Amino acid sequence: SMLHAPILAGPSVLRSRAVVPAGVTLRSSDGAESTFIVGASASSSTDEFGNGSDAVRGVVLEADARLCGFTVTGGRTDYNAQNTDESDRNRGGGIYCATDDRSFVEDCVISNNAALRGGGGYKGTYLRCRITDNRATINGAAVRNAYLCDCFIDNNTGNGETVNIFWSFVNCTFGSGNVSADGKEGLFGFNASRPPSSPVANSVVLRGKISGAVYVSNT
């Protein structure tokens, strides 16, 4: 099954396929392999990824909301040609979360989404997810400002930090295909003020460099 109908919903009234209200769990009955939430490129895209003012994001999760067992794909955001606009309309092509630690994405596939920042997802806690083949014009092609646990992340491409985690990842595998747009190995960006409360632990990074101060254990 697929969810296609766009609705006008935050943040900043960028259209989204689904919005999960605070405290609500949206769970598929058949799992991510057969249940899709599909975003859309802008009708007149302003960058090579299809971002633009009438693009359709995949999902918005409010605080204490959960998304379980979906494939989220084809999501796009608005675009700012000067790359200076920090508007949330430009973040989270696949998934936009209201909070980094109280919006939850579980057992999902997040693939082939794009944004200026956070192509696959912006904020949120991702559990047992596969995050692949997402793009970002600026940074965070896979995710930005997120927590990751038991996730697989590969083939995400963007400028700057390819995976701008910012908080932490535990029990994750990062493949060798997370690269910057010029083909160089991807950077993993972190907020230097958070470690050691937000560690990098028990994970495999096959290719990439970590930028920023971070507490690392068994990685």
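When the residues of segment 128-146 are filtered to those that are assigned to a strand (DSSP E or B) and open to solvent by 40 Å² or more (accessible area, probe 1.4 Å), the one that is nearest to residue 74 (Cα to Cα) is 135. A Cβ distance below 7 Å, combined with a sequence gap of six or more or placement on separate chains, defines the contacts here; from segment 85-104, residues that are on the phi > 0 side of the Ramachandran plot reach residues that are among the hydrophobic types (A, V, I, L, M, F, W, C) in the pairs 92/115. When 140, 120 are checked against the criterion of being more than 19 Å from residue 200 (Cα to Cα), under 9 Å from the mean Cα position of the chain (by Cα) and not charged (D, E, K, R), 120 stands alone in meeting it. The residues of segment 12-50 that are among the aliphatic types (A, V, I, L, M) and open to solvent by less than 70 Å² (accessible area, probe 1.4 Å), listed by number, are 14, 18, 19, 20, 22, 24, 26, 32, 37, 38, 40, 42.
For segment 111-129, the count of residues that are touching a Lys or Arg at 6+ places or on another chain (Cβ under 7 Å), under 21 Å from residue 35 (Cα atoms) and among the β-branched types (Val, Ile, Thr) is zero. Within segment 147-159, the residues that satisfy the criterion of being in contact with a Phe, Trp or Tyr (Cβ under 6 Å, 6 or more places away or on another chain) and either open to solvent by less than 10 Å² (accessible area, probe 1.4 Å) or on the phi > 0 side of the Ramachandran plot (or both) are 148, 151, 153.
When residue 77 is tested against (1) in a loop (DSSP other than H, G, I, E, B); (2) open to solvent by 10 Å² or more (accessible area, probe 1.4 Å), just one condition goes unmet, and that condition is (2).
Restricting attention to segment 80-115 and to residues that are part of a loop (DSSP other than H, G, I, E, B) and charged (D, E, K, R), the residue that is nearest to the chain's Cα centre (by Cα) turns out to be 100. When you scan segment 27-38, how many residues do you find that are closer than 18 Å to residue 62 by Cα and under 18 Å from the mean Cα position of the chain (by Cα)? Final tally of qualifying residues: 1.
Does residue 53 count as open to solvent by 10 Å² or more (accessible area, probe 1.4 Å), of a type in the set (Gly, Ala, Ser), without any contact (Cβ under 8 Å) to a residue 24 or more places away in the chain and assigned to a loop (DSSP other than H, G, I, E, B)? Break it down into steps so the answer makes sense when it comes.
Numbers: open to solvent by 10 Å² or more (accessible area, probe 1.4 Å): yes; of a type in the set (Gly, Ala, Ser): yes; without any contact (Cβ under 8 Å) to a residue 24 or more places away in the chain: no; assigned to a loop (DSSP other than H, G, I, E, B): yes.
When the stated conditions are applied, residue 53 does not pass them.
The values are calculated or read from the model by the stated rules, or taken from the named source; none is laboratory data. Computed from a predicted structure; not experimentally measured. When we count neighbours, we look across all protein chains shown, and the Cβ atoms used for this are built from the backbone with ideal geometry, even at glycine. Only protein heavy atoms, including side chains, enter the accessible area calculation; ligands, DNA and RNA are left aside. Shrake-Rupley method; radii C 1.70, N 1.55, O 1.52, S 1.80 Å.
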